Each structure stands twice: as C-alpha cells, then as structure tokens.
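Enquirer: Here you go, one structure.
A short reminder: the numbers here are calculations on the coordinates, not readings from a lab. All of these numbers come straight from a predicted model, not from anything done at the bench. Because the Cβ atoms are built from the backbone with ideal geometry, glycine has one as well, and the counts that use them run over all protein chains shown.
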Amino acid sequence: MDGTKKVIDNGPFFHGTKAELKIGDLLKPQHLSNYQDKKSNHIYFTAALDAAKWGAELAASDSKERIYVVEPLGDFEDDPNVTDKRFPGNPTRSYRSKSPLKIVAELGSWERHSDEQINHMLTSLQKLRKEGKAVIFD
C-alpha cells in the first residue's frame with residue numbers, strides 16, 4: 001500500500017439537519033441520531049442535494065430545516081444502509097464517516113419536497129418501523 005487515499009467522490013458534500021450550526025463547526029459521531037433514539041457511531045452526508053433535502057426534512061425536530069455544505073476531515077465510505085439495501089451502486093451518493101465533517105457553508109435557500117412527498121415518505125418510514133425494518137446499521 002502506498003498510503004494514498006482512495007477518493008470515492010469529490011463532492012461537494014451536504015448534510016441535511018435541523019440543528020443550528022455555524023461555519024467552522026464540526027459534526028462528529030457519537031451524537032444523537034436525527035432518526036433514531038441512540039447515539040450514532042458515524043456521521044452521515046451526501047453529495048446529492050436531493051438526499052440532503054430528505055435529511056433536513058425528516059430529521060426529528062420542530063426546528064428549521066437546514067442544509068450545510070461540509071468537508072470530510074477523514075476517510076469515508078458508502079453508506080451501507082442505502083447502497084447495500086436500497087440503491088446498489090450508490091446513485092444517492094450517500095456516505096458515512098467516523099471522522100468529523102467541517103461546516104463550510106449553509107445553503108441559503110433550496111426547494112423543499114412537496115408536503116405530499118414528505119407525508120408519503122413519513123408514512124413509508126412508519127410502516128417500516130412497525131414491521132421492524134427501519135434498522136440503521138451503524
């Protein structure tokens with residue numbers, strides 16, 4: 001091995017959430033997940049704006065939806081919860097890392113999914129939870 005990193009995506013990268021953060025803040029693993037009642041071993045992000053929108057819209061909070069532009073500060077891998085389970089080949093460009101992500105910007109405006117799309121997604125997720133299939137392998 002020559003010590004060079006394998007680049008799987010050049011970004012830009014996004015993180016959708018309802019947390020209010022500042023430029024320069026670090027997103028780190030071991031914080032409560034936006035989607036389940038436990039601490040996450042990874043920090044999740046995407047290079048697809050649509051996936052970041054879902055992250056912001058579905059995060060468990062009544063706070064404002066936000067999408068941050070982030071810079072991974074270490075190695076990252078395809079998110080197996082998406083790539084292995086739903087979208088082989090990772091067309092959603094979804095990733096996770098055990099290293100921090102640095103907030104480099106916030107998108108000032110972006111177009112939300114329709115209320116109908118969001119409600120459909122929430123209903124689908126609720127169904128998965130009831131069936132015991134809403135497991136995030138972290």
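Enquirer: Please compute the contact order of the stretch 13-130 in relative form: average sequence separation of alpha-carbon pairs under 8 Å and at least six residues apart, divided by the residue count, as a percent.
Expert: This gives 33 percent for the stretch 13-130.
Enquirer: A further question on this structure: Please compute the length gained on full extension between residue 105 and residue 19, using 0.36 nm multiplied by the number of residues separating them and subtracting their Cα-Cα distance.
Expert: That pair, residue 105 and residue 19, stretches by 29.6 nm at full extension.
Enquirer: Any idea how far apart residue 60 and residue 75 come out in nm if each label point goes 7 Å out from Cα toward Cβ?
Expert: The answer from the label model is 3.1 nm.
Enquirer: Note down the relative contact order for the stretch 44-111 as a percent, whole number, built from C-alpha pairs under 8 angstrom at least six residues apart.
Expert: Result for the stretch 44-111 is 43 percent.
Enquirer: Read phi for every residue in the stretch 60-73 and hand back ³J(HN,Hα) as whole Hz from Karplus 6.51 cos²θ - 1.76 cosθ + 1.60, θ = phi - 60°, with x for Gly and Pro.
Expert: Ordered by residue, 3J(HN,Hα) equals 7, 5, 9, 6, 5, 6, 9, 10, 9, 8, 10, 10, x, 9 Hz.
Enquirer: Could you sort the peptides 97-109, 113-125, 49-61 by per-residue average Cβ neighbour count (10 Å cutoff), highest mean leading?
Expert: 49-61, 97-109, 113-125
Enquirer: Next up: Under a crude label model (7 Å from the Cα following the beta-carbon direction), how far is residue 124 from residue 10 in nanometres?
Expert: Inter-label distance under the simple model: 3.1 nm.
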